[in-house]
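Below is a structure I'd like to ask you about.
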Amino acid sequence: MQLTAHDQRLRVAVSQRIDWVETRCESRDSLDQRMVEWLSQVGVLAFPVPNSLHANGRLDNWLEKLVPQAVVLSGGNDIGNCLSRDATERALLRYASERKLPVLGICRGMQMMGCYAGEKLQPVKGHVASRHSLQSKFSSDEYAPKVNSYHEFCLSGCPDGYEVTAVATDGTIEAIRRLGKSWEAWMWHPEREKTFVASDIERARKILFGDTSK
């Protein structure tokens, strides 16, 4: 794949949700246009990953052609409800781990990263279409003081090999970081903010460009 000089930006493979369209009997991959715009503001070039390629090694071939430099696991769909998406995201995490690529997980993306590391999910109340305060665990991590919330499940604990970097006021885990890797995940949706939050963009840049030391 050849990019124009204008688009010599960091190539990021972005997972997609799966929507069933009953009137057309179609299973569609989809990605919120706001996610693409948000990633553009971060300074990267988003490449949506098809969920139909996970079988028979086709996804690996697709990734080898693209040569992504980072991975983003987007939100949408509960884990276990769309098996092809689950398989696709596990493959993306394996690919990123083997090639030492940065990873950012958003909402479901954080849940998938936790499950991939062996953690369980548990139901949570009061986190659907709401806003709540965010409490950072480390002074060096700059997160917005309040974030949106659109999930019915949370991680039951901190996954092995990770540390918790932020929690909600009820104590549920809102952000995690993998030790020794440029992998981080948030339970809020930065792309759903009416005005994108500067701290989200700056933090995402550090993660996806492989610099979480600042």
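The values are calculated or read from the model by the stated rules, or taken from the named source; none is laboratory data. Since the structure is predicted, the reported quantities are computational estimates derived from the model, not experimental observations. With ideal geometry, Cβ positions are generated from the backbone for all residues, glycine too; neighbour counts draw on all protein chains shown. Ligands, DNA and RNA are excluded from the accessible area calculation, which covers all protein heavy atoms including side chains. Shrake-Rupley method; radii C 1.70, N 1.55, O 1.52, S 1.80 Å.
Please identify the pairs in which a residue from segment 78-95 that is hydrophobic (A, V, I, L, M, F, W, C) has its Cβ atom under 6 Å from the Cβ atom of a residue that is in a loop (DSSP other than H, G, I, E, B) and open to solvent by 10 Å² or more (accessible area, probe 1.4 Å), counting only partners at least 6 apart or on another chain.
Pairs found: Ala87/His54; Ala91/His54.
Quick check on my filter: what residues within segment 5-51 are of a type in the set (Gly, Ala, Ser) and surrounded by 13 or more Cβ atoms within 10 Å (Cβ to Cβ)?
Within segment 5-51, Ala13, Ser15, Ser27, Ser30, Gly43, Ala46 meet the criteria.
Turning to a different aspect of this structure: Can you pull out the residues in segment 48-99 that are charged (D, E, K, R) and assigned to a helix (DSSP H, G or I)? Outline the logic, then answer.
Initial filter on segment 48-99 (charged (D, E, K, R)): 58, 60, 64-65, 78, 85-86, 89-90, 94, 98-99.
Within segment 48-99, Arg58, Asp60, Glu64, Lys65, Arg85, Asp86, Glu89, Arg90, Arg94, Glu98, Arg99 meet the criteria.
Take the residues of segment 87-130 that are in contact with a His (Cβ under 9 Å, 6 or more places away or on another chain) and surrounded by fewer than 20 Cβ atoms within 10 Å (Cβ to Cβ): which is farthest from Ser15 (Cα to Cα)?
This residue is Gly126.
Next question. Please go through (1) part of a strand (DSSP E or B); (2) of a type in the set (A, V, I, L, M); (3) in contact with a helix residue (DSSP H, G or I) (Cβ under 8 Å, 6 or more places away or on another chain) for Met113 and return the number of the only condition it doesn't satisfy.
(1)
Please tell me if Thr165 is open to solvent by 10 Å² or more (accessible area, probe 1.4 Å) and more than 25 Å from Ile18 (Cα to Cα).
When the stated conditions are applied, Thr165 does not pass them.
Being of a type in the set (D, E, K, R) and farther than 25 Å from Lys181 by Cβ: is that true of Asp86 here?
Against the criterion (of a type in the set (D, E, K, R) and farther than 25 Å from Lys181 by Cβ), Asp86 does not qualify.
Any residue in segment 139-161 that is open to solvent by less than 20 Å² (accessible area, probe 1.4 Å) and modelled with pLDDT of 95 or more sitting within a Cβ distance under 9 Å of a residue that is in a loop (DSSP other than H, G, I, E, B) and of a type in the set (Ser, Thr, Tyr)? List the pairs, counting only those 6 or more apart or interchain.
Cys154/Thr172; Leu155/Thr172
I'm trying to understand the selection: among the residues of segment 168-196, which are under 20 Å from Gln41 (Cα atoms) and loosely packed, with under 15 Cβ neighbours inside 10 Å?
Hits for segment 168-196 are Lys194, Thr195.
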